Amino acid sequence: MSDATPQRIVLVTGASRGIGRAIAERFAQAGDLVLINYMQSQQAAEDVRGGIQKAGGHAELLRFDVANGTEVNAAFQQITEKHGRIDVVVNNAGLAIDNLLLRLKEEEWERVMDVNLKGVFLCTKAAARPMLRQRSGRIINLTSVVAQTGNPGQAAYTAAKAGVIGFTRTMAKELASRSVTVNAVAPGFIETDMTGSLPDEVKSGYLSLIPAGRWGTVAEVAEVVAFLASPLAGYITGQVININGGMYV
């Protein structure tokens, strides 16, 4: 990694672990300045920044709640005042509160919607202003295979992630004339700390649904995100790129 000026300013929400961490590290490897957003896991976020800097990359921490409009707007104002631009936004932050419909509480539904869907709306809206002015930008939203297939016990999560797909397609049409692309990436079952903690029988059941016969990796997701943010993907917008080993086609 060189000490040259970072190529792009890249914000990754929910970047302290899992897929978000892998995406942040991938952009840093390309020489970009990565803004690591987190909400609660400060130590984990600091570990990500430390690893990037140790490898010669550039990273900063940016704490804000993606579901809070005031905090989101303040964060984007801070980014543009400090760096003068924002080139890539990866809306990765998310959470799942799983339960069958009749047991799902209203406040649980609202919290999942706030983070997974409202958060994408708020960050995209805040990013669109500077991107439209600079006439360039990449917005990549993380959705999920279950948004397309459905999944018992995940009514809130699947509804929110399906909403991300519709939102992505609409934003692609609204922003395309200023060279701002908006795409979604839909991972299937990816090997993370979360999936690693599942009981063996549950993992075996999920694995049987995947024609490729294996879990995906966070690196595979990060590579697709990096491609969508690259100049080579300038004519790709409004698309949902599935990374699921053939589980949904």
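The values are calculated or read from the model by the stated rules, or taken from the named source; none is laboratory data. Predicted model only: the values in this text are computed from it and were never measured. Here the Cβ positions follow ideal geometry from the backbone for every residue, glycine too, while neighbour counts run over all protein chains shown. Keep in mind that these areas ignore ligands, DNA and RNA; they rest on the heavy atoms of the full protein, side chains included. Shrake-Rupley method; radii C 1.70, N 1.55, O 1.52, S 1.80 Å.
I'm a student and want to see the number: the projected area of the Cα convex hull of the chain, averaged over all directions, in nm².
Working: hull surface 53.3 nm².
Result: 13.3 nm².
Averaging over all projection directions, find the projected area of the Cα convex hull of region 1-54 and quote it in nm² with one decimal place.
Details: hull surface 13.1 nm².
Here the figure is 3.3 nm², rounded to one decimal.
Quick check: net charge around Arg63, other residues with Cβ under 14 Å of its Cβ, Lys/Arg +1 and Asp/Glu -1? Mind showing how you got there, number by number?
On the way: positive: Arg49; negative: Glu46, Glu60, Asp65, Glu71.
Residues near Arg63 contribute -3 overall.
How big is D, in µm² s⁻¹, for region 61-139 by Stokes-Einstein at 25 °C and 0.890 mPa s if Rh is the Kirkwood radius over C-alpha pairs? Each step should come with its number before you reach the end.
Details: Rh = 13.7 Å.
Taking Rh from Cα pairs, D becomes 179 µm²/s.
Given N residues in region 145-249, what is Rg(Cα) / (2.2 N^0.38 Å)? Spell out each step's value before the answer.
Details: Rg = 15.2 Å, N = 105, 2.2 N^0.38 = 12.9 Å.
Cα-based Rg divided by the globular estimate yields 1.18.
Of the heavy-atom accessible surface of the chain (probe 1.4 angstrom), what whole percent is carbon and sulfur?
Numbers: 6100 of 12100 Å².
Of all accessible area on the chain, carbon and sulfur atoms account for 50 percent.
Would you kindly state how much longer the chain becomes between Gln29 and Thr195 on full extension, computed as 0.36 nm times their sequence separation minus their alpha carbon distance, in nm to one decimal?
On the way: separation 166, 0.36 × 166 = 59.76 nm, distance 2.58 nm.
Between Gln29 and Thr195, full extension yields 57.2 nm more.
Per residue, how much accessible area does the chain show when a 1.4 Å probe rolls over the protein heavy atoms, in square angstrom? If you can, show how the numbers build up before the last one.
Numbers: 12100 Å² over 249 residues.
Solvent-accessible surface per residue comes out at 49 Å².
May I ask for the Rg/Rh ratio of region 1-138, computed from Cα atoms with Rh as the Kirkwood radius, given to two decimals?
Working: Rg = 15.6 Å, Rh = 15.5 Å.
The Rg/Rh ratio comes out at 1.01.
Determine which lysines satisfy two conditions relative to Lys118: a Cα distance under 27 Å, and not lying fewer than 8 residues away in the same chain.
By straight Cα distance, Lys118 reaches Lys82, Lys105, Lys161, Lys173.
When each pair of different Cα atoms in region 67-210 is counted once in the 1/r mean, what is the Kirkwood radius in angstroms, to one decimal?
On the way: mean 1/r = 0.0606 Å⁻¹.
Computed over region 67-210, the radius equals 16.5 Å.
Give me the aspartates and glutamates in straight-line cross-link reach of Lys203: C-alpha distance below 20 Å, same-chain residues under 8 apart excluded.
Those aspartates and glutamates meeting the cut-off are Asp98, Glu191, Asp193, Glu220.
Going by alpha carbons, how many degrees (0 to 90, nearest 10) lie between the helix axis of 42-54 and the longest principal axis of the chain?
60 degrees
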